[in-house]
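Below is one structure, written out as structure tokens, with a few remarks after it.
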Amino acid sequence: RKEVEQDPGPFNVPEGATVAFNCTYSNSASQSFFWYRQDCRKEPKLLMSVYSSGNEDGRFTAQLNRASQYISLLIRDSKLSDSATYLCVVNNSAGNMLTFGGGTRLMVKP
Amino acid sequence: AAGVIQSPRHLIKEKRETATLKCYPIPRHDTVYWYQQGPGQDPQFLISFYEKMQSDKGSIPDRFSAQQFSDYHSELNMSSLELGDSALYFCASSLSRAEAFFGQGTRLTVV
């Protein structure tokens, strides 16, 4: 079983749709949580950090449930430019190893 | 703002050759990570350094080694290259447990 698991998708949604991604992690001592976005053949780019209280950045909302070891990302009003792979990333308790989920592919169609 | 710099961007090597990849982290970042990403795969952790000391090791082959120098730049050395080593190699840096920022990667092709 992978340490960080995501549904690989692809999620095919029309423009304007709301889409949610989930991620589970196995190490209960994990300290930091992030969502990254990766476009084909490019480097992962930080989308947002995930805080226990939940956080929102424009159309993006991230939530963390430590009891269930579960992280989510909600994208509202999807744009064509949101098409990418979304990576759930967890930092270990020492903070020196980022573990990636397998990524969830999103395709937003006109 | 300064980002993570990796060099070279592209590298072609023959089997059994040696390759050295370089990474210059964001100034004042204390942690450097190396990742390998094969085609259609998620990034796989290789190794990390905190304040120039190796801190964590992932699925890094014995043929690979890495170090971080006094100026904080890091190098990943890969020897006896195999076809399966062809991948994108990313370096990232962070300030302790805060978010990490990735370089553009080095695309290694072993022929």
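For residue A:85, the solvent-accessible surface computed with a 1.4 Å probe is close to 40 Å², ligands and nucleic acids excluded. Each Lys or Arg adds one and each Asp or Glu subtracts one; over the other residues with Cβ under 12 Å from the Cβ of residue A:35, this totals 0.
Assuming charge only on the beta carbon of Lys and Arg (+1) and of Asp and Glu (-1), the dipole of chain B about its Cα centre is about 180 debye to the nearest 20. In this simple spin-label approximation, residue A:17 and residue B:79 carry label points 7 Å from Cα along the Cα→Cβ vector, and these lie 5.2 nm apart.
Each residue, residue A:3 and residue B:18, gets one label point 7 Å from its Cα in the Cβ direction; the gap between the two is 3.0 nm. Under a cut-off of 20 Å between alpha-carbon atoms, report the lysines in cross-link reach of residue A:2, not counting same-chain residues fewer than 8 places apart. Result set, ordered by chain and number: B:57. The alpha carbons of chain B give a radius of gyration and a Dmax of 13.1, 38 Å, in that order.
The values are calculated or read from the model by the stated rules, or taken from the named source; none is laboratory data. Being a predicted model, the structure only gives us computed values, none of them experimental. All Cβ positions, glycine included, derive from the backbone under ideal geometry; neighbour counts span all protein chains shown. Protein only, heavy atoms only, side chains kept; ligands, DNA and RNA dropped before computing areas. Shrake-Rupley method; radii C 1.70, N 1.55, O 1.52, S 1.80 Å.
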